[in-house]
Amino acid sequence: MSSVMINVLAVAASFMFMEFAAWFIHKYIMHGLLWNLHKDHHVKNSKSFFELNDLFFIMFATPSIILMYFGYSGSLDNPMFWAGIGIALYGLAYTFVHDIYIHQRFKFFNKFETPYFRAMRRAHKMHHKHIQKKDSESFGFLFVPKTYRTND
């Protein structure tokens with residue numbers, strides 16, 4: 001297998017792995033041990049643009065930065081570098097879909113609708129229906145459970 005193909009697989013695998021990692025971290029860490037950082041995302045207590053929840057950006061960006069830093073050794077042939085790129089691309093997708101599209105923190109895509117994005121928004125709305133750390137549902141990001149999909 002060529003190094004290009006291995007690097008493409010590293011990007012794709014790390015991007016897909018991040019969906020599981022994001023679900024796990026969201027369910028068990030953000031709604032668990034670190035709820036104090038995440039709760040202001042569910043219950044707005046200030047008029048500030050920033051939330052304590054935004055600190056999770058650092059948690060998710062750190063592995064990407066480390067993989068890219070140690071994976072780059074004068075050339076772009078190391079799959080570790082490309083795995084870091086995959087994580088960064090997931091973070092970029094998260095920013096655009098979650099922060100910009102779903103929560104409208106920037107008013108860029110407020111008219112962009114497809115059945116998939118409507119289902120994603122529906123699932124996220126159900127997640128935010130619960131303002132406490134317990135009893136929440138739909139912790140994923142890109143994978144939308146069948147429950148929230150319709151045939152529209």
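Here, each number is a calculation from the coordinates, and none is a lab measurement. The shown structure was predicted, so the numbers you read here are calculated from the model rather than taken from an experiment. Reconstructed Cβ throughout: ideal geometry from the backbone, glycine too, with neighbour counts over all protein chains shown.
If the chain between I58 and D40 were fully stretched, how many nm would it gain, using 0.36 nm times the residue separation less the Cα-Cα distance?
4.8 nm
Output the Cα-based Rg and Dmax of region 3-110 in Å, rounding Rg to one decimal and Dmax to a whole number.
15.8, 50
Spin-label point model (7 Å from Cα, Cβ direction): what's the A93 to F117 distance in nm?
Simple spin-label model gives 1.6 nm for this pair.
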